[in-house]
Amino acid sequence: MEPSPGLSRFAEVVGRDDFSLDHAALLIGAWDYPERDLDEYRAMLDEIAERIAPDVARASGGIGRARAISDWLFDRLGFVGNTDDYYDPRNSYLNDVLDRRTGIPITLSVLYLEVARRIGVAAVGLGFPGHFLVRVESQPRDLIIDPFHGGAELDGPALTALIQKVTGPEAVVEPQMLAPLPKSKILTRVLLNLAGIYGQRGDWFRSLEVLERLALLDADNPRIARDLEQLRARVDGLN
């Protein structure tokens with residue numbers, strides 16, 4: 001079976017040594033938006049960064065710069081976590097997040113990371129269990145923020161409360177929970193979110209689109225390879 005044009009584009013982008021996170025993230029959901037103009041949305045990110053840059057430049061230190069980005073994104077521009085319909089697939093599509101100004105923790109974090117990158121603010125994504133976060137590097141301390149909750153700043157006790165809410169009252173914050181997540185792993189997490197949504201809905205065609213992309217990002221994963229083979233057989237049986 002020949003790969004779809006959308007899958008081929010995704011494979012081309014993530015196959016580069018240092019691919020652009022925004023470019024790859026915008027290709028997620030191409031099955032619903034085959035004619036989407038990626039340049040338009042990347043230009044939208046450029047424009048947001050240009051609007052924010054003067055206030056960031058005037059801010060004091062890394063924490064001040066991080067707060068300036070949060071102020072613009074979440075207070076002035078109105079990006080917000082989608083608490084009304086968390087499992088809407090559009091929350092995982094970066095183009096829809098930009099259009100609708102709402103998303104889930106990981107896509108709002110991708111928005112923050114890509115704006116910060118354009119302005120020259122050092123920020124990384126954290127694959128915290130159950131709730132994606134962003135860490136902005138600063139002195140004398142880094143700042144951990146929660147883009148889903150308006151850029152809320154999380155200290156040690158807040159992180160402990162969050163992990164206990166997700167995994168149980170005895171949980172503690174482990175160092176690996178605060179380690180930077182590579183771009184490929186960020187995309188994997190977005191796709192796994194979608195896999196869960198489509199699986200619950202019994203949408204095998206879109207599930208196949210997701211699994212094909214997961215296989216590109218984690219080609220040596222036997223579980224993904226097995227699930228992909230089984231899903232292809234199921235979809236072929238529906239045609």
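Number of residues in the range 71-95 that are open to solvent by less than 10 Å² (accessible area, probe 1.4 Å), of a type outside the set (A, V, I, L, M, F, W, C) and part of a helix (DSSP H, G or I): the value is 3.
Every residue in the range 10-34 that is assigned to a helix (DSSP H, G or I), under 22 Å from ILE106 (Cα atoms) and open to solvent by 20 Å² or more (accessible area, probe 1.4 Å), please. Write out each step before concluding.
Pass one, the range 10-34, residues assigned to a helix (DSSP H, G or I): 10-14, 21-27.
After this cut, where a residue has to be under 22 Å from ILE106 (Cα atoms) as well, the list is 10-11, 13-14, 21-27.
ALA11, VAL14, HIS23 - these are the residues of the range 10-34 that are assigned to a helix (DSSP H, G or I), under 22 Å from ILE106 (Cα atoms) and open to solvent by 20 Å² or more (accessible area, probe 1.4 Å).
Looking only at residues in the range 35-67 that are part of a loop (DSSP other than H, G, I, E, B) and of a type outside the set (D, E, K, R), the one that is farthest from SER92 (Cα to Cα) is SER60. Only residues that are open to solvent by less than 20 Å² (accessible area, probe 1.4 Å) and touching a residue at least 40 places away in the same chain (Cβ under 8 Å) were counted in the range 54-70, giving 5. Residues in the range 217-239 that are closer than 17 Å to SER184 by Cα, at pLDDT 90 or above and open to solvent by 80 Å² or more (accessible area, probe 1.4 Å): 0 in all. Only one of the numbered conditions (1) closer than 22 Å to SER109 by Cα; (2) surrounded by 11 or more Cβ atoms within 10 Å (Cβ to Cβ) is violated by LEU7, and that is (1). For the condition open to solvent by less than 30 Å² (accessible area, probe 1.4 Å), closer than 23 Å to SER109 by Cβ and touching a residue at least 60 places away in the same chain (Cβ under 8 Å), LEU187 qualifies.
The values are calculated or read from the model by the stated rules, or taken from the named source; none is laboratory data. In this text, all values refer to a predicted model and were calculated from it rather than measured experimentally. All Cβ positions, glycine included, derive from the backbone under ideal geometry; neighbour counts span all protein chains shown. In case anyone asks, the SASA skips ligands and DNA or RNA and just uses the protein heavy atoms, side chains included. Shrake-Rupley method; radii C 1.70, N 1.55, O 1.52, S 1.80 Å.
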